[in-house]
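Beneath this line is the structure, given in structure tokens, with notes to follow.
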Amino acid sequence: QLQESGPGLVKPSETLSLICNVSGVSITNTFYHWGWIRQPPGKGLEWIGTIFYSGTTSYNPSLKSRVNISIDGSKNHFSLSQTSATASDTAVYYCARRIIEGGPPPSDAFDIWGQGTTVSVSS
Amino acid sequence: NFMLTQPHSVSESPGKTVTISCTRSSGSIVSNYVQWYQQRPGSAPTIVIYEDSQRPSGVPDRFSGSIDSSSNSASLTISGLRTEDEADYHCQSYDSSYHWVFGGGTKLTVL
């Protein structure tokens, strides 16, 4: 299971920080990558970034300058840090597990998602 | 980076068949697998099709996925529509740099 946690309200220009707690599987398992996806109100899903089991990261080019994803194997969680928040960052933020290509089914998919956490950016 | 374009909404009657398209703007649709997710209101997405056409266990065989290289698009087809299929459906793929992309989502209404 995945569970997001963090502040529900962030002030403009401040840093949005979320943690995804992972249970039932080791976050260092080589079959999995770990991602953050967000969904603004009434809109579609937007991929934010993914961290691979090696610690390598990949970010959405439109957010890359403001985003950092890190992993903590000792706590079995991974984190999102997004600087310089604006109202357009208001969204439901999901963490999700991705199974690697060629892994167990459903491979190549984000197969398990957290319930999502709502973050509003407002003064 | 590329985009995935889906129709904003589709509607069909119970028992009928509906197809939702997902067109890739650049690069070949066959280069990287396409996934489809179902999202009911207030809930997180769940996977219904992976690797273009594979169904996870527990997903009814009424759901099927396909790829058409001539139109550079993927499709999700739901047959024998039920009211419980009413949801948003999102396609997803990625590029060679491991940048993931989601389509804008399609709202399915089962009238």
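The values are calculated or read from the model by the stated rules, or taken from the named source; none is laboratory data. Worth saying up front: this structure is predicted, and the values here are computed from it rather than measured. Cβ: placed from backbone, ideal geometry, glycine included. Neighbour counts: every protein chain shown.
Take the stretch B:78-93 and flag every residue that is closer than 13 Å to B:S11 by Cβ and part of a helix (DSSP H, G or I).
Selection gives B:T83, B:D85.
For the subset of the stretch B:21-52 comprising residues that are assigned to a loop (DSSP other than H, G, I, E, B) and among the hydrophobic types (A, V, I, L, M, F, W, C), which member is nearest to the other protein chains (Cβ to nearest Cβ)?
Selected residue: B:A44.
Can you find a residue in the stretch B:28-43 that is of a type in the set (V, I, T) and within 21 Å of A:I37 (Cα to Cα)?
Yes - at least one qualifying residue is present in the stretch B:28-43.
For residues that are under 19 Å from A:I112 (Cα atoms) and in contact with a Ser or Thr (Cβ under 8 Å, 6 or more places away or on another chain), scanning just the stretch A:37-51, find the one that is nearest to the other protein chains (Cβ to nearest Cβ).
A:T50
Could you go through the stretch B:90-107 and let me know if any residue there is farther than 30 Å from A:Q3 by Cβ, modelled with pLDDT of 95 or more and not basic (K, R).
no
Among the listed residues B:G15, B:G42, B:G65, identify the single one that is over 24 Å from A:E46 (Cα atoms) and not hydroxyl-bearing (S, T, Y).
Exactly one residue qualifies, and that residue is B:G15.
Those residues that are at the interface with another protein chain (Cβ under 10 Å from one of its Cβ atoms) and either in contact (Cβ under 8 Å) with a residue 12 or more places away in the chain or surrounded by fewer than 19 Cβ atoms within 10 Å (Cβ to Cβ) (or both), I need them from the stretch B:96-111; list them, please.
Within the stretch B:96-111, B:S97, B:Y98, B:H99, B:V101, B:F102, B:G103, B:G104, B:G105, B:T106 meet the criteria.
What's the total number of residues in the stretch A:63-108 that are within 14 Å of chain B (Cβ to nearest Cβ) and outside any loop (DSSP other than H, G, I, E, B)?
Count: 12.
Pull out all pairs, ordered by first then second residue, where Cβ-Cβ is under 7 Å, the residues are six or more apart or on different chains, the first lies in the stretch A:54-82 and is closer than 15 Å to A:C20 by Cβ, and the second is modelled with pLDDT of 95 or more and not in a strand (DSSP E or B).
If the second residue must be modelled with pLDDT of 95 or more and not in a strand (DSSP E or B), the pairs left are A:S81/A:T15; A:Q82/A:T15; A:Q82/A:R66; A:Q82/A:D89.
Out of B:V10, B:V59, report the one residue that is surrounded by fewer than 21 Cβ atoms within 10 Å (Cβ to Cβ), among the hydrophobic types (A, V, I, L, M, F, W, C), out of contact with any helix residue (DSSP H, G or I) (no Cβ under 9 Å at 6 or more places or on another chain) and not in a strand (DSSP E or B).
None of the other options fit; the residue is B:V59.
Between B:S21, B:S64, B:S69, which is farther than 27 Å from A:A91 by Cβ and surrounded by 13 or more Cβ atoms within 10 Å (Cβ to Cβ)?
Only one candidate passes the filter, namely B:S64.
Among the numbered conditions (1) touching a residue at least 40 places away in the same chain (Cβ under 8 Å); (2) in contact with a Gly (Cβ under 8 Å, 6 or more places away or on another chain); (3) more than 21 Å from B:A87 (Cβ to Cβ); (4) not charged (D, E, K, R), tell me where A:G103 comes up short.
(2)
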